[in-house]
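Have a look at the structure below, then the notes.
The values are calculated or read from the model by the stated rules, or taken from the named source; none is laboratory data. These numbers come from a predicted model, not from an experiment. Note that each Cβ is placed from the backbone with ideal geometry, even for glycine, and that neighbours are counted across all protein chains shown. Note: areas computed on protein heavy atoms with side chains; ligands, DNA, RNA excluded. Shrake-Rupley method; radii C 1.70, N 1.55, O 1.52, S 1.80 Å.
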2 protein chains.
Amino acid sequence: MHYPNGKKSSKFSASLKGQKPVYSNRGMTLEQDINITNQYYQEQNMAVIHKKPTPVQIVHVDYPKRSAAVIKEAYFKQPSTTDYNGIYQGRYIDFEAKETKSKHSFPLSNIHTHQIEHMRQVSHHEAICFLIIRFSSYQETFFYPVERLFTHWDQQFDGGRKSIRYETIQKEGYIIPIQYHARVNYLDIIDKYYI
Amino acid sequence: MHYPNGKKSSKFSASLKGQKPVYSNRGMTLEQDINITNQYYQEQNMAVIHKKPTPVQIVHVDYPKRSAAVIKEAYFKQPSTTDYNGIYQGRYIDFEAKETKSKHSFPLSNIHTHQIEHMRQVSHHEAICFLIIRFSSYQETFFYPVERLFTHWDQQFDGGRKSIRYETIQKEGYIIPIQYHARVNYLDIIDKYYI
């Protein structure tokens, strides 16, 4: 397993030696953790990465007098891209984040076909593209390069597994250091392996 | 005024010589034109640029049996970023598109303060960042570099105008060629002046 030497927040560094850090299981979702991380990156002028809004098909809107427009009927649409993108050191960054409760594997059904298509396209144009996968049972969060994902994705239509084993992700991915401000410090992995 | 030599669609090239092309005023909005353009870029494997979904604050959702979830109450949120971003030749692209009916100037009130902040941030990280401004009265669409925008934006708080004159945009921006498939062919400008 790759354990990068992320800079540790001094406040919590003691807890990082040899045991799970105390703040690893505060009931924060992966999405919340990533939002905090992105906000920190932005404040530190390190990168500009945003989550895209949830795509919604708006059917009916009311415009009451003297108050804000109210959407009265709308439906969730399937996303045609990944959830997160932005810029880091001049490079285009693009990723999808998924949490699983499974202890054994990451189900490929968590990703939509057109998200795979999108990831192939941006990779072709030299994006830094990856998945962030959290195994919530272990409170472990992995940086998983999209090239590996494509291989498993394609194999499922050729008699292969419909999920990626936890052990495979441990081997092919990189564990993301958990820190106080940069709670899911994925730029650390990009620094080490991409830039 | 900069008139780049965009490749002309053969079907319409005759009409481009000396007069307004016949398809310049079909009642398409700038957003529709840009969406068609982005789709074309994607199909041609030239670039991957998407419009972000409209940000919506969801308050109440119904989950009826045997049918899709219905959003019953939601509100429009102010966007904290620009509407469009993506990747072109490995570079991060970021822009906002605005249409004005004014014949004289582009009102700065069309852009929100945090969109300006966002554009400053991505520019700092070496994004290719710009506005696409359409003067619908003239059916003219301009590529307007964000550095010029920042100057006018800052001047408005120092006794300057609250809008940018049409003539200024003509001088400081680049007119975007209108084509059949790439209806707002902004990559043409990027090729000439950025890459």
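Flag not set for B:Q115, criterion: of a type outside the set (G, A, S), closer than 19 Å to B:N85 by Cα and open to solvent by 30 Å² or more (accessible area, probe 1.4 Å). The number of residues in region B:81-101 that are open to solvent by 70 Å² or more (accessible area, probe 1.4 Å) and more than 8 Å from chain A (Cβ to nearest Cβ) comes to 2. Can you pull out every residue in region B:102-127 that is of a type outside the set (K, R) and either within 11 Å of chain A (Cβ to nearest Cβ) or in contact with a His (Cβ under 8 Å, 6 or more places away or on another chain) (or both)? Selection gives B:L108, B:E117, B:H118, B:M119, B:Q121, B:V122, B:S123, B:H124, B:H125, B:E126, B:A127. A single entry from A:H104, A:H152 fulfils the requirement of being open to solvent by 70 Å² or more (accessible area, probe 1.4 Å) and touching a Lys or Arg at 6+ places or on another chain (Cβ under 8 Å): A:H104. For region A:120-129, the count of residues that are at pLDDT 95 or above, closer than 25 Å to A:M28 by Cα, polar (S, T, N, Q) and surrounded by 14 or more Cβ atoms within 10 Å (Cβ to Cβ) is zero. From the residues in region B:47-80 that are at the interface with chain A (Cβ under 9 Å from one of its Cβ atoms), touching a residue at least 12 places away in the same chain (Cβ under 8 Å) and outside any strand (DSSP E or B), which one is surrounded by the most Cβ atoms within 10 Å (Cβ to Cβ)? For region B:47-80, the residue satisfying everything is B:K52. In the set (1) among the small types (G, A, S); (2) open to solvent by 10 Å² or more (accessible area, probe 1.4 Å); (3) more than 14 Å from chain A (Cβ to nearest Cβ); (4) under 17 Å from the mean Cα position of the chain (by Cα), the condition left unmet by B:S163 is number (4). Taken over region A:68-87, the criterion of being among the aromatic types (F, W, Y) and touching a Pro at 6+ places or on another chain (Cβ under 9 Å) is satisfied by A:F76 alone.
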